[in-house]
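Structure provided below as structure tokens; questions to follow.
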Number of protein chains: 2
Amino acid sequence: MLKYEQIASRISSLIEDGHYEAGDKLPSVEILKTEYDVSKSTIINALKNLEKEGMIYQARGSGIYVRNPKRDGYLNLFTADGFSDDLKEHDVTSKILKVTEVKPESYIQNQLKIPENETVYYVERIRYVDGKVFCIETSYFNKNVVLYMNEEIATGSIFHYIENNLKVKVGFTDIYFKVDKLSKDQAEKLELSEGEPSLEYTQIFYTSTGVPFDYSDITFHYENSRFYIPSIK
Amino acid sequence: MLKYEQIASRISSLIEDGHYEAGDKLPSVEILKTEYDVSKSTIINALKNLEKEGMIYQARGSGIYVRNPKRDGYLNLFTADGFSDDLKEHDVTSKILKVTEVKPESYIQNQLKIPENETVYYVERIRYVDGKVFCIETSYFNKNVVLYMNEEIATGSIFHYIENNLKVKVGFTDIYFKVDKLSKDQAEKLELSEGEPSLEYTQIFYTSTGVPFDYSDITFHYENSRFYIPSIK
């Protein structure tokens, strides 16, 4: 863990343990710097981290405020992480339905900005949290960025593989979603009935230099998924 | 419009008109500063604005990249604005079901951090976009921040009233949501059938000094609502 991550984690423990409550003001950057005996930029990075997790809010010129603690089991959609990170205290597992190379439809080619004849890795999985069906996921990976894929990799967190093994720097992500009714095929995979509610979710991940590398369609099990967005003005 | 807003709007027109495409690099802050003949901080504020709208992505040390343009009619959940702002090219109207003062349940008192006997403004509305039912909304407003409320105010954008008339500086917002099935009462208001899908959405708005002032429960019409989150890593 880097220094700033250690400090972020110490401050977040103080918030989670109730030492600070929602609405409380944190000490200033200067005081935190002295308290933790680190550089100002380390404190600033730690605070940025806590802000993205929705633990604090930094008001320009007025101070740093503690927010409501994250609710357990909710997916944080504010940060472009794979969802294993949000659910790290839970048991996330996957059933692989397919790992292959395909020429995607032109719509997906456009989203991934690849030429017409190029193939991509295609992964289809059912994901489980604590043994309960969480979602079905179909993903297309740009092979210029995601250099290799197999069933073993897809069984774990693909996002960790991309960041830690391939050293890809993830930059941003676009999420689009709407509510719909389940098709027969979706319902079977999610162990629900046709016509029951679903969250239809499309997510496109980009590297920090703007290259799209993952186009995923996800259908969430409506009873087993909860979402959280700590927005700022 | 402030200077930085003018520049943000000019750059966003260039993106919308296709002068820049997704993945393109924008000129550097230094070049934009010269080009628009303004201070560096004006450019930085303009870029921050565009980043929150999901139009650009600023990679530390590497440059400013253009993102996919926003899809029309999608609600941007990344920024803590009232949704009238996202739908400004659409006709947003409201049917007021109730405007009154109530003592809220203790759960909502806690969320709004008000004492046990204090009343709040309660507003119940059905909202329409281009004449189609968009959502049902029940909102509780902290009277220490939202000093006055009546039917006329509730007919328009309450968010604009709070920001422009009451001069409240909005800081951040927590959004929690899940998918569910409509109750009979909800279905009637949304002109749907009982048991059809719904998006159940709770949003708490805070001032820039961490005071919660608006607790709202919103149920969206699943066929008439679409959502967008331009997340960053």
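For the stretch A:93-102, check the following and say yes or no: at least one residue is more than 30 Å from B:Tyr107 (Cβ to Cβ) and in a loop (DSSP other than H, G, I, E, B).
No, that holds for no residue.
A further question on this structure: Pull up the stretch B:183-200, narrow it to residues that are buried (at least 22 other Cβ atoms within 10 Å of the Cβ) and facing chain A (nearest Cβ under 9 Å), then point me to the one that is farthest from the chain's Cα centre (by Cα).
For the stretch B:183-200, the residue satisfying everything is B:Pro197.
A follow-up question, please. I'm trying to understand the selection: among the residues of the stretch A:75-128, which are hydrophobic (A, V, I, L, M, F, W, C), open to solvent by 20 Å² or more (accessible area, probe 1.4 Å) and under 22 Å from the mean Cα position of the chain (by Cα)?
Listed by number, the residues that qualify are A:Phe83, A:Val92, A:Ile96, A:Leu97, A:Val99.
When A:Gly210 is evaluated against the numbered criteria (1) among the small types (Gly, Ala, Ser); (2) crowded, with 18+ Cβ neighbours inside 10 Å; (3) away from chain B (no Cβ under 13 Å), which criterion, by number, is the only one it fails?
(3)
Quick check: is even one residue across the stretch B:125-140 within 9 Å of another protein chain (Cβ to nearest Cβ), touching a Leu at 6+ places or on another chain (Cβ under 8 Å) and at pLDDT 95 or above?
No, the conditions are met nowhere in the stretch B:125-140.
May I ask you to list the residues in the stretch A:37-68 that are part of a loop (DSSP other than H, G, I, E, B), in contact (Cβ under 8 Å) with a residue 40 or more places away in the chain and within 12 Å of chain B (Cβ to nearest Cβ)?
Those that are part of a loop (DSSP other than H, G, I, E, B), in contact (Cβ under 8 Å) with a residue 40 or more places away in the chain and within 12 Å of chain B (Cβ to nearest Cβ): A:Gly54, A:Met55, A:Arg67, A:Asn68.
Applying the selection to the stretch B:69-78, what residues are of a type outside the set (Lys, Arg), out of contact with any Lys or Arg (no Cβ under 9 Å at 6 or more places or on another chain) and within 11 Å of chain A (Cβ to nearest Cβ)?
Selection gives B:Pro69, B:Leu77.
Same structure, new question: For A:Leu147, indicate whether it is of a type outside the set (Phe, Trp, Tyr) and either crowded, with 17+ Cβ neighbours inside 10 Å or in contact with a Cys (Cβ under 8 Å, 6 or more places away or on another chain) (or both).
no
OK, next. Against the conditions (1) within 14 Å of another protein chain (Cβ to nearest Cβ); (2) assigned to a loop (DSSP other than H, G, I, E, B); (3) out of contact with any Leu (no Cβ under 9 Å at 6 or more places or on another chain), where does B:Lys143 fall short? Just the number, please.
(1)
Sticking with this one: Here are A:Ile158, A:Ile153, A:Ile162: which of them is surrounded by 13 or more Cβ atoms within 10 Å (Cβ to Cβ), free of Cβ contacts under 8 Å to residues at least 40 places away in the same chain, more than 8 Å from chain B (Cβ to nearest Cβ) and more than 30 Å from B:Glu194 (Cβ to Cβ)?
A:Ile153
Please verify whether the stretch B:192-204 includes one or more residues that are in contact with a Cys (Cβ under 7 Å, 6 or more places away or on another chain) and not hydroxyl-bearing (Ser, Thr, Tyr).
no
Hydrophobic (A, V, I, L, M, F, W, C), more than 19 Å from B:Lys113 (Cα to Cα) and more than 27 Å from the chain's Cα centre (by Cα) - does that describe any residue in the stretch A:46-68?
no
The values are calculated or read from the model by the stated rules, or taken from the named source; none is laboratory data. Remember, predicted model here, so these are calculated numbers, not experimental data. Note: ideal-geometry Cβ built from the backbone for every residue, glycine included; neighbour counts use all protein chains shown. Heavy atoms of the whole protein, side chains included, go into the accessibility calculation; ligands, DNA and RNA do not. Shrake-Rupley method; radii C 1.70, N 1.55, O 1.52, S 1.80 Å.
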